[in-house]
Every structure is written in C-alpha cells, then in structure tokens.
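Enquirer: Quick one: structure below, then a few questions.
The values are calculated or read from the model by the stated rules, or taken from the named source; none is laboratory data. The structure presented is a predicted model; accordingly, all values stated were derived computationally and were not measured. Positions of Cβ are generated from backbone atoms using ideal geometry, with glycine treated the same way; all protein chains shown enter the neighbour counts. Calculation scope for accessible area: heavy atoms of the full protein, side chains included, ligands and nucleic acids excluded. Shrake-Rupley method; radii C 1.70, N 1.55, O 1.52, S 1.80 Å.
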Amino acid sequence: MTDLLIRDAEVPGGPRTDVLLRDGVVAALGRGLPAAGIPVLDAGGGALLPGLHDHHLHLHALAAESNSVRCGPPQVHTAAELARALAAAPGDGWIRGVGYAETIAGLLDSAALDALHSVRPVRVQHRSGALWILNSAAAHRVGLDFASDPGVERDTAGRATGRIWRADTWLRSRLPDTGPPDLTAVGARLTRYGITGITDATPDLSDESLAALIAAATSGEVPQRLALLGVPLGRTGAAGVTAGPYKIVLADSGLPDIDTLASTVRRAHELDRPVAVHCVSREALLLLLAAFDEVGTVPGDRIEHGAVVPAESLDVLRRLGVSVVTQPGFLADRGDDYLRRVDPADLPDLYRCRSMVEAGVGLALSSDAPYGPLDPWQVIAAAVARRAPDGRVVGAGETLRPPEALRRYLAPLHDPGGRARAVAPGAAADLILLDRSLTRLLAEPTAEAVRTTIIRGRIMFDR
C-alpha cells in the first residue's frame, strides 16, 4: 500500500492527531481526515516518530556474524571457554570467530591460537574489526608467509605472526569464494528496531560488494534507505542508493603523514565528495584536524567514532563545521574494559556526547554493528546512563537527556549532525509507531515499544 491513514497518533510537539500518508510522503495532519478507500491504522494514542537512522554500521559483516563463533563477552570470558567454543563449531572446514578481546587470552598470534584449536583452519576477528588472527592451518591455506600486503604483521625475523591488520580485501581474496551474504534477515532485524535509514561505513568496497549492496537495496532485501561510505572516488551510487562521504581510515597501526592525508581529502573534495574519517585516538584526530586546517572542509565532512576527543578540540570542530558520528553503545558493551585499560588521561575524553552538543558540534549516535550493539534503543539508553557492564559510570559529565539522545538518531542520512526530522506535511513517510507514549518510551528506551515501521509509505513491520 502507498496510501495509509494513521488515526489518533501522538505526534511530538502537538496534540494527538490523524496522519495521512500518500505516495510515500506525509500528506496531511489533522483530526477527522477522510478515510474513504484508504487503509486505516489505529495508533491508539501511541507516539508516531520519524524512523531512526543508523549512521554507521556494516551490513555484510552483520550478516556474516550469524554464521560465526562468538569469541568474546558475554558468551566467552576465558581461554578455556574460547577453546570449547571453537571446538563446538559446526562443519569441518573454516571456522570464523568474531568479537575477540585481549581479556580472554591476550593478544593472540598463530601459535597462541594453535594452542586453542589447531585441527581446522581458524580466523578470529578482534572485536574492533581492525584485526584478524589466523592459526597455522589457516595461515598455510592463505599463503601468509608469502603475502606482500602491508597489513600482514611480521616479527623481527620476517616471519608472519598470524595477525592481519586492516587487510580484509586481501584476506577475502584468499578464502573460499562464498559470495556476499544474503541481507534479508539483517534488513528485517533493522525494521523491527524502527530503523528506516542506514549508512554502511565499510571502506573501499570492492566491485562485487558494491554491486551486492546495490542489488540488496533494489530487491528489497534491505528495505531501508541506504547510503554507502565505501563507494570509490569517481563513482556514484545507483537508484535507491546514495554515495555518501568518502571513507578514510586513520589506522593507529600505521597513521599516514599529513601530506598524504591532506592530498586524499583534497581529491575527494575536488570530486564533490565530503569525507568520513575513522578516528579512534587522540593522535588520529589531531592529525585530521591539521589536515582540515590545511585543505579546508566542505559541508558533509564528518568524523567516525571520535572515541577520544580532547576538550580543546571542541571549538576547532565547531569552527570547521565537522560532525561526529559516535557510538556510546560501546560503553554499555565494554565500558568496564575501558576503565581498566584506557589511559586515565583519556577517560574524560572518551565517547563525548553532552560536551559536543553544548559546544555546538554536530553529533549523531550510531551502532558500528556488528562491532557494537545494533539495537538503537540500547545505544540511546547508553548515551543517557553511560553505565559499564559492571555498573560503573564512564564519563558522568557526558550523559545526554533522553529526548536529546533520541534526536541524535533522527537526523537525515546526508547530515548526521543536523536537525532532527519531523512528522510534517511533505516529509518522507519513513515512520515508526510506538505502542506507548513518547514520555513512557524515553523513561525506559526499548525496542519492544516499536509496533509498526513504515518505509516510503509502506508497512515493513507490524506486530
């Protein structure tokens, strides 16, 4: 259906009203709108909101996670538990592990992973997504000793350690070709959470991956509006898919020099692409800000993660007009580990939220799923409470009020730090209907409150 009348909905900022959807947009609001020949959805006073936008996740990695062994919390906490999890993996071929943290068995290499499982080829991904560790059987199969990719770590004698840093494309080219995973289940999961727009933040998409993502959006596997950060420079999106800012990864395992970074940013700007720059450390952020000072910024330039943002950088970010897409969900997921391992000098700067808003810096919340929790309501709750798994608060001065946290999921895909979208005539009919009032939801954010998700005027989820 493309026409729909929603009766008796609570629209934020106004009284309960009816909302008419026509041809994929909000056509009218008002009491007693005519319903002749139009399907009617009775909201029963539930809140009607713009659909949520997750401005940073990884679709193919999310789909692959369902066929992987969980190698870290909350399922695995010790080396013995990890060994049992790997041994219990179904099948007899490759084992793909995800979510590993050093708290389990230290920084693994091939020898350490062999001690946990040596029978089948195993590749385990660190929970940051930046590192794969291969056991000896896996290293042999991909020819790791003879690899020339700079992401393949070597010891002082030149031998491959089994660690591969940010070389996913190289590794994928040497694994059995199973093709990109089906995204139907991921798209359905997103609709259940009330997510109507997503930005895939995977960098440097291969032709195969790019084609698969476009096909998923075109076929409806992924019904959400979709923007891609990994579209190569000089390429555009396709029908229903937007080429977002160009993703640049500042990996702390090998930061570029400022001239190289400035040249990349300049080239993207010249091709009418803003940049989305992965920054998780103080050093990476300061390098980027220096490059922006040299090259300048354009509307749409953004920082991904902003895991550590020194207080003195806030005025610079505001002056440059750069937004930050951050993930406070990591605090609820692994904040106790941060409190143990992060330099105490960096803790006040960790995943800033409130100070960004107060400084006038554009701020969006996102998941970074599968590396962080996908559920947006968990992320919103984390931004409000900032509680680690052990109950301690990480950065009490950075909490957001619930309405403010929600607004950080409501900005347009092309402007993640911008003004929240509203349910108003002419707006896209990308909406979520709750089974309760907004006040009740904000008191206890939960995905269970999502009753109906509407994308382009069509009901994609209804319970």
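Enquirer: Take region 190-208 and flag every residue that is in contact with a helix residue (DSSP H, G or I) (Cβ under 8 Å, 6 or more places away or on another chain) and under 16 Å from P373 (Cα atoms).
Expert: R192, Y193, G194, I195, I198, D200 - these are the residues of region 190-208 that are in contact with a helix residue (DSSP H, G or I) (Cβ under 8 Å, 6 or more places away or on another chain) and under 16 Å from P373 (Cα atoms).
Enquirer: Answer yes if at least one residue in region 232-244 is surrounded by 21 or more Cβ atoms within 10 Å (Cβ to Cβ), closer than 17 Å to L320 by Cβ and of a type in the set (A, V, I, L, M), and no otherwise.
Expert: no
Enquirer: Say whether the condition of being among the hydrophobic types (A, V, I, L, M, F, W, C), buried (at least 20 other Cβ atoms within 10 Å of the Cβ), free of Cβ contacts under 8 Å to residues at least 60 places away in the same chain and closer than 28 Å to L107 by Cα is met by at least one residue in region 364-373.
Expert: no
Enquirer: Search region 263-291 for residues that are free of Cβ contacts under 8 Å to residues at least 40 places away in the same chain and pair each with any residue that is in a helix (DSSP H, G or I) and of a type in the set (G, A, S) when their beta-carbon atoms are under 8 Å apart and the residues are at least 6 apart or on different chains.
Expert: As it stands, the answer is V265/A291; P274/A268; V275/A268; L285/S313; L286/S313; L289/S313; A291/A262, since those pairs meet every condition given.
Enquirer: If the requirement is being out of contact with any Gly (no Cβ under 6 Å at 6 or more places or on another chain), open to solvent by less than 60 Å² (accessible area, probe 1.4 Å) and closer than 26 Å to A405 by Cα, which of these qualifies: L41, L49, L20, L5?
Expert: The unique qualifying residue is L49.
Enquirer: Is it the case that S148 is in contact (Cβ under 8 Å) with a residue 12 or more places away in the chain and within 22 Å of D204 (Cα to Cα)?
Expert: no
Enquirer: Take region 169-214 and flag every residue that is on the phi < 0 side of the Ramachandran plot, more than 15 Å from the chain's Cα centre (by Cα) and outside any helix (DSSP H, G or I).
Expert: Passing the criteria: R174, L175, P176, D177, T178, P180, P181, D182, L183, L205, S206.
Enquirer: Would you confirm whether or not region 352-359 contains a residue that is in a loop (DSSP other than H, G, I, E, B) and either over 30 Å from A63 (Cα atoms) or open to solvent by 10 Å² or more (accessible area, probe 1.4 Å) (or both)?
Expert: Yes, region 352-359 contains a residue that is in a loop (DSSP other than H, G, I, E, B) and either over 30 Å from A63 (Cα atoms) or open to solvent by 10 Å² or more (accessible area, probe 1.4 Å) (or both).
Enquirer: Just a yes or no: is a residue in region 377-387 in a loop (DSSP other than H, G, I, E, B), open to solvent by less than 20 Å² (accessible area, probe 1.4 Å) and more than 25 Å from A201 (Cα to Cα)?
Expert: Looking through region 377-387, none of the residues is in a loop (DSSP other than H, G, I, E, B), open to solvent by less than 20 Å² (accessible area, probe 1.4 Å) and more than 25 Å from A201 (Cα to Cα).
Enquirer: Looking at region 13-31 only, could you name the residues that are modelled with pLDDT of 90 or more, in a loop (DSSP other than H, G, I, E, B) and either of a type in the set (G, A, S) or in contact with a strand residue (DSSP E or B) (Cβ under 7 Å, 6 or more places away or on another chain) (or both)?
Expert: Passing the criteria: G24, R31.
Enquirer: Let me ask another. Could you list, ordered by first residue, the pairs with Cβ atoms under 8 Å in which the first is in region 308-322 and over 18 Å from T297 (Cα atoms) and the second is of a type in the set (D, E, K, R), at least 6 apart or interchain?
Expert: From region 308-322, the pairs are V308/R282; V308/D346; V308/D349; V309/D349; V309/R352; P310/R282; P310/D349; A311/D349.
Enquirer: Also, quick follow-up: Is there a residue being at negative phi, part of a strand (DSSP E or B) and touching an Asp or Glu at 6+ places or on another chain (Cβ under 6 Å) anywhere in region 52-59?
Expert: yes
Enquirer: Okay, next question. Is there a residue being open to solvent by 10 Å² or more (accessible area, probe 1.4 Å), modelled with pLDDT under 95 and at positive phi anywhere in region 69-87?
Expert: The answer is no, given that none of the residues of region 69-87 is open to solvent by 10 Å² or more (accessible area, probe 1.4 Å), modelled with pLDDT under 95 and at positive phi.
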